[in-house]
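Asks: The structure under discussion is supplied below as structure tokens; questions concerning it will follow.
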Amino acid sequence: MYLYMGLALMVLAGLSLLIPFRVIINYQLLQGDHELHVGLTWLGISLFRRQFPVGSSREPVDKTKAEVERDEEKVVDELAENTDARDGDLMDGMESVLELAHHYRLMFDVITSFAFGGPSDLQQMSLGKPLLGHVWAVVYPFTRHFERLHWYTRVGLGDAAATAIAVGVLSGVLATGFTWLDGRVYLNPEGVHWQVIPNYSQRQTDVAIYCILRVNAGHIIITGVANLWRVGVARMAYWKNKFVH
């Protein structure tokens, strides 16, 4: 009996590794209100679904136009006064990140090798890039397959010429971003849609993003272990040749 239970658990564990999970992300910015919904499904069964509070950027409706303008002027003045202090804090924070990256160099190298099959060279990276590189190394194994990626944006700046320019620039940025992403992960051509819609009549900034990521834990583990093995063999060969010569 215990043997059968053990075999059943092994089969279940194998299925959980081989059958992909699907992560569903739905983000909307509509009329200043943010909504973020995240879900996780397996074999069509919803395992997790939650709405995360993002906040609201909408101005209170009970404020007059003069009060809103005074608040905006106050914010601009505070930003101008605190710019130097924030820049100094930002640089200190980036230097702390760089020191942390050097301190945990071995751990970050293992993570990067697991994801990409090669360690990162922090000595050749400018300030700030180590953080982005290691974050991407952590996220990349879980975002290799986009089953669906929809991005819709509606932009209105209150001026027809400015709106047209903004739409053109944003369309170019999105096209470049999708091309960059297509070279690093698998994008299902039938599931990718994006559009930038102008609104020439009023000010408006609405964004709707809907994507489904397919995560195969077994594939990630096998590929990561193979990458670590390849990096280990390459390093052993390097040190062997160095000591021989």
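Just so you know, all these numbers are worked out from the coordinates, no wet-lab data involved. Please read these numbers as outputs of a predicted model, since none were measured by experiment. Every residue, glycine as well, gets a Cβ built from its backbone with ideal geometry; the counts of neighbours run over all protein chains shown.
Asks: Ranked by Cβ crowding within 10 angstrom, fewest neighbours first, how are His193, His219 ordered?
Replies: His193, His219
Asks: Which trypsin sites (Lys or Arg not before Pro) in the range 161-245 pass both tests, a DSSP loop state and at most 12 other beta-carbon atoms within 10 Å?
Replies: Filter output for the range 161-245: Arg184.
Asks: Further question on the same structure: In nanometres, what is the gap between the two model label sites at His219 and Met107, each 7 Å from Cα along Cα-to-Cβ?
Replies: In this crude label model, His219 to Met107 measures out at 2.9 nm.
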